[in-house]
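Q: The following block contains the structure, expressed as C-alpha cells.
Just so you know, all these numbers are worked out from the coordinates, no wet-lab data involved. This is a predicted model, so every value here is computed, not measured. Cβ placement follows ideal geometry from the backbone for every residue including glycine, while neighbour counts extend to all protein chains displayed.
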Amino acid sequence: MVAFFTDGVVEDRRTDIDIGIDRLAQVLTWQRCPLEELCDRALSDMPPGPQADDATLLLVRTRRLGADHVADLELPPEPTMVAHARTLTERQLAIWGLSELSFTASLVVSELVTNGIRYATGPVMLRLIRDRCLLCEVSDNAHTAPHLRRARRDDEGGRGLFLVAQVSQRWGTRYTSSGKTIWAELAIP
C-alpha cells in the first residue's frame, strides 16, 4: 500500500509531526480493510476541532504480479530484431493462452520496437505484461517525445503510432532519467 498525505493529516499546533506520522502508520497496519474504511479511520484519528491546515489522504493498494505474468527481452538496436520481437510476442501469447491476440500484439510490438531502434542509440527493452489486459511496453534511451500524426497518402512512414492508437485501448509514454517507455494496452477477449 502507498499513502500520500498532506501535513494537515499528521500534524497540528499541539502535536509533533513525528507523532502524527506514527499514528497514521499505526492505522494503516489494518491493510485488509477496504481503502475507504482505512481513510475514514485515519481521518477520524486526527485531533478534534478546527484544522489549521488542509488534510488530504490518498491510499493506493498495489499488488505484485507473478514472474509468469511478465516477459522481458533486451534487443540490440538492429532492424533485424523487430522480427525477433514479434516471434517472442507470438510465443509468449501462446504460452499465456492468448493466441487470438497475436496479430494485434505483434503489430503493436513491431511498431514500438521499430521506433525504439530508429530513434534510440542503445538497446531497446520489450516487456509484455499479462494482467487484466495485455500491456506491451518498449523502453529506450531516447528522451524524444513520440508524435501521433496522420501520414499523407504518399508518405512512406509515419503510420506506426497511429496504428498503435487505433488497435489499443490506451497508449502513452512514461519518461525516466534514462529514457522513455512507450506502452499500449490491449483488451484480453
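Q: Which length gain, in nm to one decimal place, applies between R152 and I188 when the Cα-Cα distance is subtracted from 0.36 nm times their residue separation?
A: Between R152 and I188, full extension yields 9.8 nm more.
Q: If you take the beta carbon distance between R41 and R63 as r and set R0 to 25 Å, what does 1/(1 + (r/R0)^6) give as a FRET efficiency, to the nearest 0.05?
A: Computed FRET efficiency for R41 and R63 comes out at 0.70.
Q: Less than 14 Å Cβ to Cβ from M1, Lys/Arg counted +1 and Asp/Glu -1: what total charge do the surrounding residues give?
A: Net charge around M1: +3.
Q: A follow-up question, please. Could you compute the FRET efficiency for D131 and A55, with r as their C-beta to C-beta distance and R0 at 45 Å, rounded to 0.05? Walk me through the intermediate numbers first.
A: Working: r = 33 Å, r/R0 = 0.74.
With R0 = 45 Å, the Cβ-Cβ based efficiency is 0.85.
Q: Turning to a different aspect of this structure: Which of the trypsin sites (Lys or Arg not before Pro) found in region 51-110 are loop residues per DSSP with 15 or fewer other Cβ atoms within 10 Å of their Cβ?
A: On the way: sites: R61, R63, R64, R86, R91; in loops: R61, R63, R64.
Those that pass, being in a loop and sparsely packed, are R61, R63, R64.
Q: For I188, which sequence-distant residues (separation of 5 or more, or a different chain) have an amide H within less than 5 Å of its own amide H, given hydrogens modelled in the peptide plane?
A: L134
Q: Comparing A25, A142, A105, which has the greatest mean-square fluctuation in the GNM of the chain with Cα pairs linked when under 10 Å apart?
A: In the Gaussian network model the winner is A25.
Q: Let me ask something additional. Would you work out the relative contact order for region 67-187, in percent, from Cα pairs under 8 angstrom that are 6 or more residues apart?
A: Relative contact order of region 67-187: 25 percent.
Q: Please give the net charge around I17, taking every other residue with its beta carbon less than 14 angstrom from that of I17, where Lys and Arg add +1 and Asp and Glu add -1.
A: Neighbourhood net charge equals -4.
Q: What ranking do H69, H147 get, fewest neighbouring Cβ atoms within 10 angstrom at the top? If you can, show how the numbers build up before the last one.
A: Working: H69 13, H147 7.
Result, fewest neighbours first: H147, H69.
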